[in-house]
1. Being closer than 17 Å to V106 by Cβ and either touching a residue at least 60 places away in the same chain (Cβ under 8 Å) or in contact with a Leu (Cβ under 8 Å, 6 or more places away or on another chain) (or both) is the filter here, so list the residues in region 177-197 that pass it.
2. Restricting attention to region 128-144, does a residue exist that is under 19 Å from L176 (Cα atoms) and more than 26 Å from the chain's Cα centre (by Cα)?
3. Which condition number does I195 fail, the rest of (1) outside any strand (DSSP E or B); (2) over 22 Å from S91 (Cβ atoms) being met?
4. Return the only residue of S91, S79 being farther than 30 Å from T160 by Cα and at pLDDT 90 or above.
5. Within region 108-130, can one find any residue that is farther than 21 Å from N151 by Cα, outside any helix (DSSP H, G or I) and among the aliphatic types (A, V, I, L, M)?
6. Would a scan of region 162-172 turn up a residue that is touching a residue at least 40 places away in the same chain (Cβ under 8 Å), closer than 22 Å to K77 by Cα, among the β-branched types (V, I, T) and open to solvent by 30 Å² or more (accessible area, probe 1.4 Å)?
7. When only residues in region 106-157 that are buried (at least 19 other Cβ atoms within 10 Å of the Cβ) and hydroxyl-bearing (S, T, Y) count, which is nearest to H184 (Cα to Cα)?
8. When residues of region 157-171 are filtered for being in a loop (DSSP other than H, G, I, E, B) and either closer than 16 Å to S203 by Cβ or at pLDDT below 90 (or both), how many remain?
Amino acid sequence: MIKLTKRQDEILQIVKENGPITGKEIAEKLSVTRAALRPDLAILTMSGSLDARPRVGYFFNDKLEVKRQAKKFIQQKVSDFKAHPIVVEKSTSVYNAIVQLFLEDVGTLYAVDTEGNLAGVISRKDLLRAALGNKNLQELPVSVIMTRMPNIITINSEETLLEAAKKMINFHIDSLPVVKEVNHKNNTYLLLGRITKTTITKSYLEFMEEK
């Protein structure tokens with residue numbers, strides 16, 4: 001993406017507010033000659049920021065602006081948007097995990113060991129399956145029903161929101177644990193946070209409202 005000069009930014013703003021507008025009219029608004037504007041208009045047209053039509057004038061390229069905004073958004077890092085993970089110990093009972101799920105109003109719980117490393121993931125579906133026909137939920141630990149490494153889909157802080165969204169869509173999951181690798185051979189990862197579909201949706205809305 002090219003860096004625009006002050007005059008080129010001014011031209012874009014004029015075309016946004018007044019387009020379609022001729023080169024002569026733009027020159028008059030900036031109090032410069034048409035010849036002086038030609039290089040700027042050529043750059044803005046070739047870059048796709050403006051569209052030009054003979055005998056009509058210049059139009060602002062809304063589609064390019066949307067693409068630029070989308071590009072800025074999808075390059076945002078997971079570290080800037082990750083939320084606090086809702087955790088339980090591996091020995092926590094399924095009954096207490098269900099209570100925790102509803103109290104925190106989340107769709108996924110993360111089981112950790114004594115050092116805060118990710119041990120497992122417990123989804124609503126996992127808890128529902130365990131609850132159906134099981135009368136001993138207070139005696140059944142979540143370690144029996146949780147998904148364990150290496151079957152947990154994770155993401156690190158330096159990956160982008162786009163990569164997080166792709167993982168959630170491709171693996172049909174609603175959230176990702178944000179982790180830092182401790183020991184690759186032993187599949188040991190420190191749990192740092194979580195990213196959810198809701199997180200991505202909210203961050204998108206906040207980003208677009210700012211723009």
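1. Correct list: P177, V178, L191, L192, G193, R194, I195, T196.
2. yes
3. In the conditions (1) outside any strand (DSSP E or B); (2) over 22 Å from S91 (Cβ atoms), I195 misses (1) alone.
4. The match here is S91.
5. Here is the first cut: in region 108-130, the ones farther than 21 Å from N151 by Cα are none.
Among the residues of region 108-130, not one is farther than 21 Å from N151 by Cα, outside any helix (DSSP H, G or I) and among the aliphatic types (A, V, I, L, M), which makes the answer no.
6. The answer is no, given that none of the residues of region 162-172 is touching a residue at least 40 places away in the same chain (Cβ under 8 Å), closer than 22 Å to K77 by Cα, among the β-branched types (V, I, T) and open to solvent by 30 Å² or more (accessible area, probe 1.4 Å).
7. Of everything passing the filter in region 106-157, T154 is nearest to H184 (Cα to Cα).
8. Kept after step one, since they are in a loop (DSSP other than H, G, I, E, B), are these residues of region 157-171: 157-159, 171.
Now narrow it down to the ones that are either closer than 16 Å to S203 by Cβ or at pLDDT below 90 (or both): 157, 159.
Residues meeting the conditions: 2.
The values are calculated or read from the model by the stated rules, or taken from the named source; none is laboratory data. What you see is a predicted model, and the numbers here were worked out from it, not measured in a lab. Glycine also receives a Cβ, built like all others from the backbone with ideal geometry; neighbour counts cover every protein chain displayed. Areas reflect the complete protein model, heavy atoms only, side chains present, ligands, DNA and RNA absent. Shrake-Rupley method; radii C 1.70, N 1.55, O 1.52, S 1.80 Å.
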